[in-house]
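Structure first, commentary second.
The values are calculated or read from the model by the stated rules, or taken from the named source; none is laboratory data. Quick caveat: nothing in here was measured; it's all calculated off a predicted structure. Glycine gets a Cβ as well: all are built from the backbone with ideal geometry, and neighbour counts include every protein chain shown. Calculation scope for accessible area: heavy atoms of the full protein, side chains included, ligands and nucleic acids excluded. Shrake-Rupley method; radii C 1.70, N 1.55, O 1.52, S 1.80 Å.
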Amino acid sequence: MNRFATITLSSVLLLALSGCERPKAAGMEKPPQGPVPVGVTEIKSGNFPALLEATGQTQAYNTVQVYARVSGYLLKRAYTEGQMVNKGQTLFTIDPSDLKNSLESSKAAYELASANYTNAKAVLNRIKPLADANAASQQDLDTATANERNSAAALMGARAALEQAKLNLSYTNVTSPISGFTDKSKIDEGTYVSAGANGLLTTVYQSDPMYVNFTFSENERTARQNAIASGKLVAPKDGKYEVELTLDDGSTLTRKGKINFISPFIDSTTGTITYRAVIDNSDHKLLPGQFVRVKVKGMEWKNCFYVPQTSLLTGEKGKFVYKIEANNTVSPTPVTAGAWIDGNILIESTMAAGEKIVANNLGKLKPGAEIIPTEKK
């Protein structure tokens, strides 16, 4: 084939290929030319409940570590680990043998001291009238008086030792100081237990009611205070905020809590302020250490602007909406977005209530585009 034929064939093939337009993938079509049909909504104003949201963690209402108060061999664990126990219920039994002997010795010492006191008191009662009649010397009276006082003091000491011996014996029956759920045992049966700091036996957690701890940043606190000062945000009159908890499965507890503690200082390491709420947990659905989503209710936004969340766009310079001009064209108008409430976004804008904005078909628009308002929302 000569050179001329080759060039001619190539030209024919190019013309044939250029005449076959490949189909475009979905989403790559050119936007339609001409006016774009859109829905219309308005900038609205109204009052909205204000929500403060944070991540919280539950904490047992009371956490009590149970220690051995006397030393001895641990004879028995009387509870099921991890189960609920009642206040006063026996948890452990420590071998009482040595303490029973100590009690008997204390009883004997008390009886001896009591007898000595009785005798000393009788001697003094005999000496007094004799001394008054000069039939006994002053020294005899002084000696009898001193003996009576010494024996009285010895009797008091013996009585105290006896009561302590009784108390020590009672400590061999270790009971729960509160009602709550028990931790696992820290010491096995048959082990020698030392009283005091080394004698931790278990821990009991009172989880009804339950504490919930959460934090807000210093910036959030300042913004909230400024909004309240300006009148945009209104705090509850009684100062009581309601706390709602959402669990990790998305379910929300029907019962509500109350804030009962606000830290008086800002944590210098995190820049946050700690809050604590208390909530009924009679069904024991909440466990200590559980993460929850906290919503604090009770405040209200007053006379604020809002738009549907679907009408808000994000551009290079931030959030904006498409404002509908009088000639049915659109212009992007910047807004500052706030809280998202029930599908609406609270905004700050130079626009006024009642001004119209585009509600849908936003992806087909560009600044200055012509529109056809086909519906009103």
Going through the range 231-254 one residue at a time, which ones are surrounded by 14 or more Cβ atoms within 10 Å (Cβ to Cβ) and either among the charged types (D, E, K, R) or out of contact with any Ser or Thr (no Cβ under 9 Å at 6 or more places or on another chain) (or both)?
-> K232, L233, V234, A235, Y241, E242, V243, E244, L247
Residues of the range 83-98 being within 13 Å of S185 (Cβ to Cβ) and open to solvent by 30 Å² or more (accessible area, probe 1.4 Å), which ones?
-> Q83, T93
Could you check how many residues of the range 299-329 are open to solvent by 70 Å² or more (accessible area, probe 1.4 Å), β-branched (V, I, T) and touching a residue at least 12 places away in the same chain (Cβ under 8 Å)?
-> 1
Inspect the range 99-120 for any residue being open to solvent by 80 Å² or more (accessible area, probe 1.4 Å) and within 20 Å of G196 (Cβ to Cβ) and give the result as yes or no.
-> no
Kindly indicate whether any position in the range 127-139 is part of a helix (DSSP H, G or I), of a type in the set (A, V, I, L, M, F, W, C), loosely packed, with under 14 Cβ neighbours inside 10 Å and without any contact (Cβ under 8 Å) to a residue 12 or more places away in the chain.
-> no
For the range 194-205, state whether one or more residues are open to solvent by 70 Å² or more (accessible area, probe 1.4 Å) and more than 43 Å from the chain's Cα centre (by Cα).
-> no
Limited to the range 51-70, what total is found for residues that are aliphatic (A, V, I, L, M) and within 14 Å of the chain's Cα centre (by Cα)?
-> 2
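For (1) hydrophobic (A, V, I, L, M, F, W, C); (2) over 30 Å from G56 (Cα atoms), each residue gets a yes or a no:
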| site | (1), (2) |
| --- | --- |
| K166 | no, yes |
| N173 | no, yes |
| D188 | no, yes |
| A197 | yes, yes |
| T203 | no, no |
| N213 | no, no |
| T222 | no, no |
If you scan the range 232-269, which residues turn out to be of a type outside the set (S, T, Y), part of a strand (DSSP E or B) and either under 13 Å from the mean Cα position of the chain (by Cα) or within 18 Å of Q57 (Cα to Cα) (or both)?
-> E242, V243, E244, L245, G257, K258, I259, N260, F261, I262, D267
If we only count strands (runs of 3 or more DSSP E) wholly inside the range 145-221, which ones have 2 or more residues that are not β-branched (V, I, T)?
-> 180-182, 200-217
